[in-house]
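J.: Structure below; questions to follow.
The values are calculated or read from the model by the stated rules, or taken from the named source; none is laboratory data. Remember, predicted model here, so these are calculated numbers, not experimental data. Here the Cβ positions follow ideal geometry from the backbone for every residue, glycine too, while neighbour counts run over all protein chains shown. For accessibility, only protein heavy atoms count, side chains too; no ligands or nucleic acids. Shrake-Rupley method; radii C 1.70, N 1.55, O 1.52, S 1.80 Å.
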Amino acid sequence: MRYFLLPLGCATNKADSERIAAVLESIGYTLADNEEDASVIGIVACSIRQSAIDRVYSKIHKWNQRKRKKPLITFVSGCILPEDQRKFLKLFDLLVKLEEVSKLPQMLKEYGVVAPQSFWEITPRRGSSYKALVPIQNGCDKFCTFCAVPYTRGREESRPSAEILTEVDELLVGGYKQITLLGQNVNSYGLDVETEMSFAELLREIGKKADAAPHKVWVHYTSPHPRDMNADVYEVQSSSPSLANYLNLPLQSGDDEVLRRMNRRYSLEQYLEKLDLARKYMPDLTVSTDIIVGFCGETTEQFERTRAAMVRGKFDLAFIAQYSARPGAVAQQRFQDDVAKADKKQRDIDLTDVLRETAAENNQKLVGKVITVLVEQVSRKPGKLLGRSEGLKSVEFESGDQDLIGNFVDMKITSADAWRLQGELIGFNEAN
Ligand code: SF4
């Protein structure tokens with residue numbers, strides 16, 4: 001019995017799919033090398049992006065055709081709007097809500113009745129032996145008008161800290177070197193449960209454990225909301241060597257009126273205060289941001305304020321999206337998607353130009369320095385490997401030694417452009 005899973009969308013869906021894989025393996029399924037070899041195929045879908053929805057339709061069409069030749073059970077799970085759920089029900093054999101993943105064996109009629117178990121309690125099947133995603137929070141109470149997450153994943157729910165700390169302990173014992181704490185609003189952790197730790201407290205506990213591990217560990221977290229970000233988090237992050245010097249702080253727009261219509265509930269000034277404070281605590285911080293260009297009604301002047309904010313922010317990385325109406329999101333019902341496609345594209349290009357300059361300038365400062373890199377994969381360029389710095393910058397270096405993958409190495413940075421650092425391998429990092 002073989003299964004195949006296709007996670008679409010964000011890292012949270014990837015983490016969810018690791019838990020779904022664990023459930024399938026608990027009843028004897030093994031992972032197929034490819035979808036053709038599988039008798040059960042699941043898709044962890046994402047209603048947030050139209051491109052991901054299009055992919056679901058193209059896949060299920062193909063799988064339903066395959067069913068004419070050999071038996072196949074298909075199911076869909078993930079971050080799905082009720083409207084899409086209704087449509088998927090007609091196409092897939094099963095619709096498995098995330099909170100009902102533990103019932104999948106029952107649904108497959110292979111395993112009989114299992115005791116209902118919380119989704120958080122399912123031990124995931126890790127896709128990597130050295131880096132792991134640990135969900136700590138699910139759902140969202142922020143209701144940004146461009147986003148459908150509060151309607152697909154529901155309200156904010158913090159995972160019990162005792163469970164998170166146990167999972168972190170297990171990962172550390174298992175030798176994991178990179179742990180990423182995940183949540184739609186990761187730093188809103190604990191706000192929904194009066195008796196629970198705050199995000200800063202949780203981070204402090206995780207940092208202590210990682211610092212005490214016999215090997216080097218980097219702990220990242222994504223994505224925080226600027227509104228809930230505070231000095232306590234920065235203080236904790238700066239005081240533990242294992243808590244990585246990396247911050248993703250989504251700005252979305254540099255114009256206060258656009259931010260108001262997005263329901264972000266911070267001003268550019270408030271955002272910049274939090275960004276500056278982070279850099280005060282962590283001068284070597286790598287910062288990425290998320291920006292949407294061409295949001296409903298965005299004028300040229302408003303876009304120019306975003307461009308200026310990008311210059312001021314000196315970001316290392318930015319995830320720039322051209323606005324597209326997302327079904328189920330408030331903006332789709334309330335506002336007109338009235339910025340021309342060509343203008344969205346041009347604004348995207350303009351911001352990428354700014355990013356190219358700020359990222360190149362930041363990366364140039366690393367040339368000549370020795371940094372630690374976690375080796376991840378073989379590069380497309382023959383004889384080279386790729387890894388990432390603590391700030392998640394891509395680093396390429398000459399080596400044919402694939403045994404380095406999953407290990408920390410020390411690297412002298414020899415050159416850099418906006419998107420990649422080139423390095424010279426110095427050697428294995430002793431803290432591995
Ligand atoms: S904070 Fe906004 S963008 Fe993030 S998940 Fe919640 S509604 Fe979506």
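J.: Please list F303, F119 from largest to smallest accessible area, probe radius 1.4 Å, with all protein chains kept in place.
T.: Descending order: F119, F303.
J.: Connecting C-alpha atoms closer than 10 Å in a GNM of the chain, tell me which of P160, P382, P226 has the biggest fluctuation.
T.: P382
J.: Of L202, L89, which has the most accessible area and how do the rest follow, probe 1.4 Å?
T.: Most to least solvent-accessible, the answer reads L89, L202.
J.: For the chain, with a Gaussian network of springs between Cα atoms less than 10 Å apart, report the residue from V44, V173, V219 with the top mean-square fluctuation.
T.: The residue that fluctuates most here is V173.
J.: Tell me, Kirkwood radius of segment 144-191 from alpha-carbon pair distances, in Å?
T.: For segment 144-191, inverting the mean 1/r across all distinct Cα pairs yields 12.7 Å.
J.: Report the normalised scattering of segment 1-150 as log10 I(q)/I(0) at q = 0.13 Å⁻¹, calculated by the Debye formula with identical scatterers on the alpha carbons.
T.: Here log10 of I(q) over I(0) equals -0.58.
J.: Rounded to whole Å and sorted largest first, what semi-axes of the equivalent ellipsoid does the C-alpha gyration tensor of the chain yield via the square root of 5 times each eigenvalue?
T.: 33, 29, 23
J.: Further, regarding this structure: Once the whole set of protein chains is in place, how much accessible area is left on S198, using a 1.4 Å probe, in Å² to the nearest 10?
T.: The value for S198 is about 50 Å².
J.: For segment 31-81, which trypsin sites (Lys or Arg not before Pro) are both in a DSSP coil and crowded by at most 14 other Cβ atoms within 10 Å?
T.: K67, R68, K69
J.: If you average 1/r over every pair of different alpha-carbon atoms in segment 286-390 and take one over that average, what Kirkwood value in Å do you get?
T.: Result for segment 286-390, one decimal place: 16.1 Å.
J.: Oh, and also: How much accessible surface does H215 have with a 1.4 Å probe, in Å² rounded to 10?
T.: About 20 Å², ignoring ligands and nucleic acids.
J.: Could you name the lysines whose alpha carbon sits less than 24 Å from that of K97, not counting residues in the same chain fewer than 8 places away?
T.: K14, K59, K62, K67, K87, K109, K142
J.: Do me a favour and compute the ellipsoid semi-axes for segment 1-87 from its Cα gyration tensor, root of five times each eigenvalue, largest one first, whole Å.
T.: Taking √(5λ) for each eigenvalue gives 21, 17, 10 Å, largest first.
J.: For segment 201-346, what size does the Cα cloud have along each of its three principal axes, sorted from largest down, in whole Å?
T.: Cα extents, longest axis first: 55, 31, 24 Å.
J.: Whole number in Å², please: accessible area per residue of the chain, 1.4 Å probe, ligands, DNA and RNA not counted.
T.: So the chain comes to 45 Å² accessible per residue, rounded to a whole number.
J.: To continue, here is another question. With loop defined by DSSP as not H, G, I, E or B, and exposure as at most 12 other Cβ atoms within 10 Å, which is the longest segment of the chain clear of exposed GluC sites (Glu not before Pro)?
T.: 195-429
J.: For the chain, with all protein chains present and a 1.4 Å probe, just round the carbon and sulfur fraction of the accessible area to a whole percent.
T.: Exposed carbon and sulfur together represent 49 percent of the surface.
J.: So which aspartates and glutamates can K274 reach, going by Cα to Cα under 18 Å and dropping same-chain residues fewer than 8 places off?
T.: In chain and number order, the partners are D228, D232, E235, D255, D256, D284, D290, D316.
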